[in-house]
Amino acid sequence: MAISPSFASIWCFLLLLSLAHCKTVKRDVKALNEIKASLGWRVVYAWVGDDPCGDGDLPPWSGVTCSQQGDYRVVTELEVYAVSIVGPFPTAVTNLLDLTRLDLHNNKLTGPIPPQIGRLKHLRILNLRWNKLQDVIPPEIGELKKLTHLYLSFNNFKGEIPVELANLPELRYLYLHENHLTGRIPPELGNLKNLRHLDVGNNHLTGTLRDFIRSGDGFPLLRNLYLNNNQLSGGLPEQLANLTNLEILYLSYNKMIGAVPPKLAQIPRLTYLYLDHNSFIGRIADGFYKHPFLKELYIEGNQFRSGTKSKGTHKVLELTDTEFLF
């Protein structure tokens, strides 16, 4: 039986009315007010009243999204970005246990991410890029089993990439570029069956691709692999051809050597292949130049045979955030 538009409107009104009369769980009210007390005027002026989910005629706080759970309201999203928040990561955030999205990007947060971040078991999107966060990436992030998007790029993180990130079964997009990360890339990341995009460029990572791409069944859905501007060594392993969904392979500015395996031209949808500024030798197989999808093959700054040419017009790949949010 079809539901009349008038009935649907009444139902929506009653739902909103019931939400408005619900009380916000005290834990979330306390946490948001602690955060409010620690933030600058740019946020505080828009956070009116004591209840972040709204109270009476007062609307919810800007950047705060709430949902109803039984007789109470809980905070499910917190988006406070590009407002020049200065100071340490607000630990009170980790008391918002129902958060599914935490977006504090493009601020001036400093210090480490607290290990209590592992308490946010419902978190799907964690966006902390473009801050001044320091210290190591906490392994407790590996406890966020529902996480699909992790943005930690453009910070000052140091140390190794925690192997615990391989424990995130839903992870699709992992951005760690533009930090000070060292050591090897954990090969265990290949167990991330849903990973589409991996960017660890512009760090100080070492090791070889042969160690990183170990098995034939790793990274089954990976489309974009950014390893540029690191200190990777060794050659290009043929195992890369097993990444059958790969579209972008960005290896510029490393210390890689050897010949380019012709088998890599068999990657069906390879579109951008950047090998420039390494120490590759030999020639490029004809298969790359005949590849139906390959638009860019950039080889400058290597030791290829005389006459070996690039394909396409080299450009810096810039992918917008909106391409990866959903």
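Which shape class, rounded, prolate or oblate, goes with the range 90-133 when its Cα gyration tensor gives a ≥ b ≥ c as root eigenvalues, a/c under 1.5 marks rounded, and past that a/b bigger than b/c marks prolate?
It comes out oblate by the Cα gyration axes.
How far, in degrees from 0 to 90, does helix 26-38 lean away from the longest principal axis of the Cα atoms of the chain, to the nearest 10?
On a 0 to 90 degree scale, this one is about 70.
Let me make sure I get this right: for the range 35-153, a, b and c are the square roots of the gyration tensor eigenvalues over alpha carbons, sorted descending. Under 1.5 in a/c it's rounded, otherwise prolate if a/b > b/c, else oblate. Which is it?
Since a/c reaches 1.5 but b/c is at least a/b, the shape of the range 35-153 is classed as oblate.
Would you mind calculating the relative contact order of the chain from Cα pairs under 8 angstrom and at least 6 residues apart, reporting the percent as a whole number?
Relative contact order of the chain: 8 percent.
Quick check: net charge around Ile185, other residues with Cβ under 13 Å of its Cβ, Lys/Arg +1 and Asp/Glu -1?
Its environment carries a net charge of -1.
Working with all protein chains in place, sort Asp71, Asp217, Asp28 by solvent-accessible area computed with a 1.4 Å probe, largest first.
The ordering from most to least exposed comes out as Asp71, Asp217, Asp28.
Towards the positive end of the charge dipole of the chain, with charges on Cβ (+1 Lys, Arg; -1 Asp, Glu), say which of Asn179, Ile113, Ala31 has the farthest Cα.
The Cα lying farthest towards the positive end belongs to Asn179.
Calculate how steeply helix 5-21 sits against the longest principal axis of the alpha-carbon atoms of the chain, using the helix alpha-carbon long axis, and give the answer as 0 to 90 degrees to the nearest 10.
Approximately 80 degrees, to the nearest ten.
By how many nm would the segment from Val44 to Lys158 lengthen if fully extended, with 0.36 nm per residue of separation less the alpha-carbon distance?
Taking Val44 through Lys158 to full extension adds about 37.8 nm, to one decimal.
Using r as the Cβ-Cβ distance of Asp135 and Ser306, and R0 as 51 Å, what FRET efficiency do you calculate, to the nearest 0.05?
Rounded to the nearest 0.05, the efficiency is 0.60.
Go through the range 203-214 residue by residue and turn each phi into a ³J(HN,Hα) via Karplus (6.51, -1.76, 1.60, θ = phi - 60°); whole Hz please, and just put x for glycine and proline.
10, 10, 6, 10, x, 10, 5, 5, 6, 6, 9, 8
Ignoring everything except DSSP H segments at least 4 long, calculate the 222 nm mean residue ellipticity for the chain; use -39,500 (n - 2.57) per segment, divide by total residues, nearest 500.
That calculation yields -3500 deg cm²/dmol at 222 nm.
Pop the C-beta distance of Asp286 and Lys193 into the FRET formula with R0 = 30 Å and round what comes out to the nearest 0.05.
Step by step, r from the Cβ atoms, then E = 0.30.
Among Asp103, Asp57, Asp276, determine the one that fluctuates most according to a GNM of the chain built with springs between C-alpha atoms less than 10 Å apart.
Top of the fluctuation ranking is Asp57.
Show me the three semi-axes of the equivalent ellipsoid for the range 147-253, from the C-alpha gyration tensor (sqrt of 5 times each eigenvalue), largest first, rounded to whole Å.
19, 17, 12
Which order do the peptides 72-82, 111-121 come out in when sorted by mean C-beta neighbours inside 10 angstrom, highest first?
72-82, 111-121
What length, rounded to one decimal in nm, is gained on full extension from Lys263 through to Ser62, with 0.36 nm per residue of separation minus their alpha-carbon distance?
That works out to 67.1 nm of additional length.
From a point 7 Å beyond the Cα of Asn33 in the direction of its Cβ, which residues of the range 78-118 have a backbone N at a distance under 17 Å?
92-93, 95-96
Size of the range 26-71 along its principal axes in angstrom, Cα-based, largest extent first?
34, 22, 15
Restricting to lysine pairs 8 or more places apart or on different chains, what number in the range 95-202 have Cα atoms under 12 Å apart?
4
Quote the FRET efficiency, to the nearest 0.05, computed for Phe293 versus Leu97 with a Förster distance R0 of 56 Å and r equal to the Cβ-Cβ distance.
0.80
The values are calculated or read from the model by the stated rules, or taken from the named source; none is laboratory data. Nothing here was measured: the structure is a model prediction, and the numbers come from that model. So basically every Cβ, Gly included, is an ideal-geometry build from the backbone, and we count neighbours across all protein chains shown. These area figures cover heavy atoms from the full protein model, side chains too; ligands, DNA and RNA do not enter into them. Shrake-Rupley method; radii C 1.70, N 1.55, O 1.52, S 1.80 Å.
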